[in-house]
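Here the structure is laid out as structure tokens; the discussion comes afterwards.
Coordinate-derived values only; no laboratory data. Here the structure is a predicted model, which means the values were calculated and not measured. Counting neighbours? That spans all protein chains shown, and the Cβs are built from the backbone with ideal geometry, glycine included.
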Amino acid sequence: MIQYIEQIFTHLNTWGLPVIMLLIGIAEFAFGLYENQWTKNERILDIVCFVVPKVVVRPFIAYVGLLLFPVFLPNAKNIFAWVPFWWGFAIIAVGDDLTQYWYHRLHHQLPWLWRFHRTHHSAPYMGMAMASRQNIIYTIFFSQIYLTTTLVYLGLGYPVLFVTGIKALITTGAHSSIKWDKPFYTIKWLKPIGWVLERFISTPATHHAHHADSDDDGVGHYKGNFGNMFFLWDVIFGTGIITRQYPSGYGIKHYKQEEWYAQFLWPIFKSRKEGSELAPNGPMVGDAVPLEKEVINRGLLTESIV
Amino acid sequence: MKTDKVTQQKIIRDVLISLVLYALPVILMLLSFKITGQRPWKKTATTTVNKNA
């Protein structure tokens with residue numbers, strides 16, 4: 001039985017998850033959940049972001065890690081292999097996901113970091129298509145990859161296999177436009193489980209709220225709900241809201257459909273869209289620019305509208 | 001553009017709480033070893049030598 005579960009997680013971390021994402025993506029597309037918002041520019045961006053990290057970035061980091069660790073930490077290989085499985089599981093689950101919580105939160109709360117994470121929020125839809133959508137710099141410095149690689153070298157590779165597998169399933173489910181959590185809010189006997197679930201892990205309701213295009217309608221909360229696998233961090237730090245509702249719109253209000261290559265490779269390539277956060281002289285954070293100024297900049301209106 | 005002061009203070013407070021959270025599973029593990037008397041790091045790989053070979 002254990003061997004069978006082990007096989008599942010081994011495959012999940014290699015070809016399994018991309019296959020699950022493709023199947024859910026096909027189902028979402030078949031149900032029309034992208035509502036014709038998947039334009040050519042969005043399609044190219046989503047597909048490039050889905051493929052490049054898996055084919056280039058992760059193998060590169062693993063290769064570099066295998067080269068560097070024996071040089072800098074020659075005596076540390078498997079030094080913690082004695083740690084019992086469930087303690088290893090807990091140490092990695094906390095270490096990995098809390099690090100990602102901070103990586104994510106700081107990209108929202110420190111203005112100079114926002115443009116590295118903006119690509120993930122520019123999609124005007126939720127679903128498998130946008131789940132992997134990230135700027136290349138954000139992906140390369142995805143801090144918990146390094147932490148996890150280090151822990152594998154130190155001998156915690158076996159629990160890492162299970163933590164990363166479970167985490168991938170939870171984060172994929174939270175991005176899906178299939179609202180799997182809805183029965184937990186509507187069916188009476190499931191409600192207590194739902195209460196625990198929505199405080200413990202990311203669900204479509206809480207994570208969709210993070211991708212909302214509004215923060216003041218009582219549902220959307222893009223200024224919070226930063227948790228990836230665990231929502232618990234948002235509960236502890238007071239950065240989350242739970243409404244059991246789904247936002248009416250996704251993305252960012254000031255989105256200018258920037259070129260896919262600018263969204264993927266900013267600041268190496270910049271956008272030609274005037275007033276864009278990704279343009280050479282664009283604002284650091286678009287929604288911090290008063291609408292009046294932004295409209296004047298675009299030459300559409302010269303009188304105050306705020 | 002700068003992060004407002006309230007956000008900065010919350011970040012510092014939450015980073016300090018996070019340090020405790022990072023350490024928590026390690027502390028609990030060591031505590032469990034102390035209570036149960038387990039010493040898993042002392043286990044070394046054993047090699048069985050077949051003397052009949």
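Please get the size of the charge dipole for region A:2-237, origin at its Cα centre, with Cβ charges of +1 on Lys and Arg and -1 on Asp and Glu, quoted in debye to the nearest 20. Could the numbers behind the result be given before it?
Details: 16 positive and 14 negative charges, 57 e Å.
Using Cβ point charges on Lys, Arg, Asp and Glu, region A:2-237 gives about 280 debye.
Under the simplified labelling scheme, the residue A:27-residue A:261 pair shows an inter-label distance of 3.7 nm, with each label point 7 Å from Cα along Cα→Cβ.
Which whole-number percentage describes the relative contact order of chain A, with Cα contacts under 8 Å and a sequence gap of 6 or more? Can you show the working numbers first?
On the way: 419 pairs, mean separation 56.6, N = 306.
Result for chain A is 18 percent.
Considering only A:49, A:36, A:59, the residue lying farthest towards the positive end of the dipole of region A:1-88 is A:59, judged by Cα position with unit charges set on Cβ. Residues considered: A:170, A:91, A:252. Largest GNM mean-square fluctuation over chain A, using C-alpha springs under 10 Å, is found at A:91.
Label-to-label distance, residue A:112 versus residue A:41, with points set 7 angstrom from Cα along the beta-carbon direction: 2.9 nm. Axis angle, to the nearest 10 degrees, between helix A:2-11 and the longest C-alpha principal axis of chain A: 40 degrees.
At a 10 Å Cβ-Cβ cut-off, how would you order A:52, A:152, A:196, fewest neighbours first? Could you put the intermediate results ahead of the total?
On the way: A:52 16, A:152 21, A:196 10.
Result, fewest neighbours first: A:196, A:52, A:152.
The alpha-carbon atoms of region A:100-227, seen along their principal axes, cover 46, 36, 24 angstrom, with the largest extent given first.
May I ask you to compute the full-extension gain from residue A:235 to residue A:60, defined as 0.36 nm times their residue separation minus their alpha-carbon distance, rounded to one decimal in nm?
Working: separation 175, 0.36 × 175 = 63.00 nm, distance 3.54 nm.
Separation in residues times 0.36 nm, less the Cα-Cα distance, equals 59.5 nm.
Straight-line cross-link reach from residue A:188 at under 19 Å between alpha-carbon atoms covers these lysines, not counting any fewer than eight positions away in the same chain: A:179.
How far, in degrees from 0 to 90, does helix A:111-121 lean away from the longest principal axis of the Cα atoms of chain A, to the nearest 10? Around 80 degrees separate the two axes.
Annotation: lysines with alpha-carbon distance below 27 angstrom to residue B:34 (same-chain offsets under eight excluded): A:77, B:42, B:43. Please report how far the C-alpha centroid of region A:3-61 lies from that of region A:108-132, rounded to the nearest whole angstrom. Spelled out, the Cα-based centre of one part sits 17 Å from the other.
Here residue B:10 is the anchor, and the lysines within straight C-alpha reach of less than 19 Å, apart from those fewer than 8 places off in the same chain, are A:223, B:2. Ranking of A:222, A:4 by neighbouring Cβ atoms within 10 Å, starting from the fewest: A:4, A:222. Taking a sphere under 14 Å around the Cβ of residue A:179 and counting the other residues whose Cβ falls inside, with K and R at +1 and D and E at -1, yields a net charge of -1. Axis of helix A:58-72 versus longest Cα principal axis of chain A: the two differ by about 50°, to the nearest ten degrees. Viscosity 0.890 mPa s, temperature 25 °C: Stokes-Einstein D of chain A from its Kirkwood Cα radius, in µm² per second? Value of D from the Cα-based Kirkwood radius: 118 µm²/s.
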